[in-house]
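**Q** Can you keep this structure in mind? I'll have questions shortly.
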Amino acid sequence: MTILVTGATGNVGRSVITQLLSAGASVRATSRNPQADLPVEVYAADLAKPESFESALEGVEKVFLFPNPPGADGFASLAKAKGVKHIVLLSSQAAAHESYGDSVIRTRHVTVEDAVKRAGVDWTFLRPGAFATNTLYWAGAIKKEGSVRLPFADTNVNPIHEADIAAVAVKALLEDGHIGAAYELTGPESISQREQVSLIGAAVGREIGVVDMTVAEARAHWAKQFGFTSDEALDGMLKMHQAAVGKPADLTTVVAEVLGRPARTYAEWATDHKADFIA
Ligand SMILES: NC(=O)c1ccc[n+]([C@@H]2O[C@H](COP(=O)([O-])OP(=O)(O)OC[C@H]3O[C@@H](n4cnc5c(N)ncnc54)[C@H](OP(=O)(O)O)[C@@H]3O)[C@@H](O)[C@H]2O)c1
């Protein structure tokens with residue numbers, strides 16, 4: 001059985017490949033960059049151009065799918081036509097909750113989930129909350145200034161280690177019993193961003209400062225980071241953060257249930273990634 005991993009150069013995809021290889025699976029990868037440095041055969045393909053998957057899908061039984069709305073319908077129906085039996089999709093917790101409204105984060109993942117359902121291939125949806133890897137965004141400032149500027153540092157998050165998302169993906173790809181499941185995946189703890197910075201400090205062996213942004217600075221930061229241009233979008237972000245301060249983040253126990261061991265903590269993630277935070 002050959003398994004195709006898309007988004008293979010990404011944080012989750014790389015870990016899916018490593019863990020599939022450890023389990024002895026036959027794996028191939030796609031990237032838009034045919035020279036991508038990966039431990040398996042790489043086919044050049046772009047999810048926005050489904051026809052570019054003609055050769056990569058030849059003889060493939062299962063797919064780990066990166067969520068890319070443009071081309072999602074075309075990819076899913078080509079996969080079905082090529083004989084793919086099961087797609088394990090990297091989706092998002094936002095797809096599980098109508099409270100995310102018509103935000104981009106919800107609509108992009110619902111769009112790809114719907115495309116996979118429409119194609120008539122068996123599926124498993126992975127719906128993670130915030131990735132621990134989001135904090136790699138702080139690495140530049142931590143390395144350069146020894147501190148990080150944060151909007152609403154006391155907001156709580158439920159960060160999940162990319163290797164745990166990948167481990168659930170690998171179970172779903174290799175074991176029976178996961179078809180039709182939509183797994184909402186979080187890390188094991190609700191912690192504040194300020195605590196995350198402190199745990200990175202513990203991993204690298206030095207104290208890292210947190211500088212709290214003013215509301216005006218936070219708005220400018222979100223505009224830059226997420227490309228928000230309207231006051232309405234920025235007001236929405238502000239309200240969401242203000243409401244979340246001091247409120248525990250929602251947690252699920254799905255990682256532990258599927259894997260039969262606890263999900264990795266943020267402290268473990270920071271230790272695994274300490275090299276990213278050392279100049
Ligand atoms: N960050 C979060 O908190 C969070 C939470 C829930 C869900 N998610 C989902 O997880 C995704 C990020 O996953 P990640 O961290 O593993 O990825 P990543 O490290 O950000 O890497 C991005 C990957 O996307 C691939 N990609 C982008 N556009 C593509 C296209 N048109 N065709 C084929 N591949 C394409 C890239 O492949 P190439 O090799 O071709 O460049 C690369 O492998 C987000 O985009 C979101 O959908 C994120």
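**Q** Only bridges whose two residues both fall in the chain count here: according to DSSP, what percent of them are antiparallel, nearest 5?
**A** On the way: 3 of 33 bridges.
Of all bridge pairs located within the chain, approximately 10 percent are antiparallel.
**Q** Give me the accessible area per residue for the range 2-128, probe 1.4 Å, as a whole number in Å².
**A** 43
**Q** Whole-Å semi-axes of the range 27-78's equivalent ellipsoid, largest first, each the root of 5 times a Cα gyration tensor eigenvalue?
**A** Semi-axes (√(5λ), whole Å): 17, 13, 10.
**Q** Related question: On the accessible surface of the range 1-126, probed at 1.4 Å, how many percent belong to carbon and sulfur atoms?
**A** Details: 2640 of 5550 Å².
The value for the range 1-126 is 48 percent carbon and sulfur by accessible area.
**Q** Under 18 Å Cα to Cα from Lys224, which aspartates and glutamates show up? Leave out anything in the same chain fewer than 8 places away.
**A** Asp212, Glu232, Asp235
**Q** From the mean inverse distance of alpha carbon pairs (Kirkwood) and the Cα radius of gyration, derive Rg over Rh for the chain. Walk me through the intermediate numbers first.
**A** Numbers: Rg = 19.4 Å, Rh = 19.8 Å.
That ratio is 0.98, to two decimals.
**Q** Could you list, in their original order, any pairs among Lys80/Lys171; Lys62/Lys171; Lys144/Lys247; Lys82/Lys171; Lys62/Lys82 whose Cα atoms are separated by more than 20 Å? Intermediate values should be presented prior to the final figure.
**A** Working: Lys80/Lys171 22 Å; Lys62/Lys171 12 Å; Lys144/Lys247 31 Å; Lys82/Lys171 23 Å; Lys62/Lys82 11 Å.
Over 20 Å apart, Cα to Cα: Lys80/Lys171; Lys144/Lys247; Lys82/Lys171.
**Q** Then there's this: So if the hydrodynamic radius of the range 2-128 is defined as the Kirkwood radius over C-alpha pairs, what does Stokes-Einstein give as its diffusion coefficient at 25 °C and 0.890 mPa s, in µm² per second?
**A** Details: Rh = 14.5 Å.
Estimated via Stokes-Einstein, D reaches 169 µm²/s.
**Q** Work out Dmax and Rg for the range 196-268 from the C-alpha atoms and quote the Rg first, both in angstrom.
**A** Rg and Dmax of the range 196-268, Cα atoms, are 16.8, 45 Å.
**Q** Please find the FRET efficiency linking Ile278 to Ser77, where r is the Cβ-Cβ separation and R0 is fixed at 35 Å, and quote it to the nearest 0.05.
**A** On the way: r = 46 Å, r/R0 = 1.33.
With R0 = 35 Å, the Cβ-Cβ based efficiency is 0.15.
**Q** If you rank Val204, Val197, Val215 by how much accessible surface each has, with a 1.4 Å probe, what is the order from largest down? Spell out each step's value before the answer.
**A** Numbers: Val204 30, Val197 0, Val215 70 Å².
My answer, sorted largest first, is Val215, Val204, Val197.
**Q** Say each of Val245 and Thr2 gets a label point 7 Å from the Cα, pointing the same way as Cα to Cβ; how far apart are those two points in nm?
**A** The modelled label-to-label distance comes out at 5.5 nm.
**Q** Note down the net charge around Phe152, summing +1 for each Lys or Arg and -1 for each Asp or Glu among other residues with Cβ under 14 Å from its Cβ. Don't jump to the answer; show the numbers that get you there.
**A** Values: positive: Arg149, Arg194, Arg219, Lys239, Lys247; negative: Asp154, Glu195, Asp212, Glu217.
Residues near Phe152 contribute +1 overall.
**Q** Let a ≥ b ≥ c be the square roots of the eigenvalues of the Cα gyration tensor of the range 84-190; is it rounded (a/c under 1.5), or, if not, prolate (a/b larger than b/c) or oblate? Kindly include the intermediate steps, with their values, before the conclusion.
**A** Working: a/c = 2.58, a/b = 1.82, b/c = 1.41.
Cα axes put the range 84-190 in the prolate bin.
**Q** Report, by chain and number, residues whose modeled amide H sits under 5 Å from the one on Thr124, excluding near sequence neighbours (fewer than 5 apart, same chain).
**A** Amide H neighbours of Thr124: Ile87, Val88, Leu89, Gly180.
**Q** Can I ask one more? Given labels modelled 7 Å from the Cα in the Cβ direction, how far is it in nm from Ser147 to Leu174?
**A** Inter-label distance under the simple model: 4.7 nm.
The values are calculated or read from the model by the stated rules, or taken from the named source; none is laboratory data. Note that the coordinates shown come from a computational prediction; the quantities given were computed from them, not determined experimentally. No Cβ is skipped: glycine too gets one built from the backbone with ideal geometry, and neighbour counts run over all protein chains shown. Just so you know, the surface numbers come from the protein's heavy atoms only, side chains and all, with ligands and any DNA or RNA stripped out. Shrake-Rupley method; radii C 1.70, N 1.55, O 1.52, S 1.80 Å.
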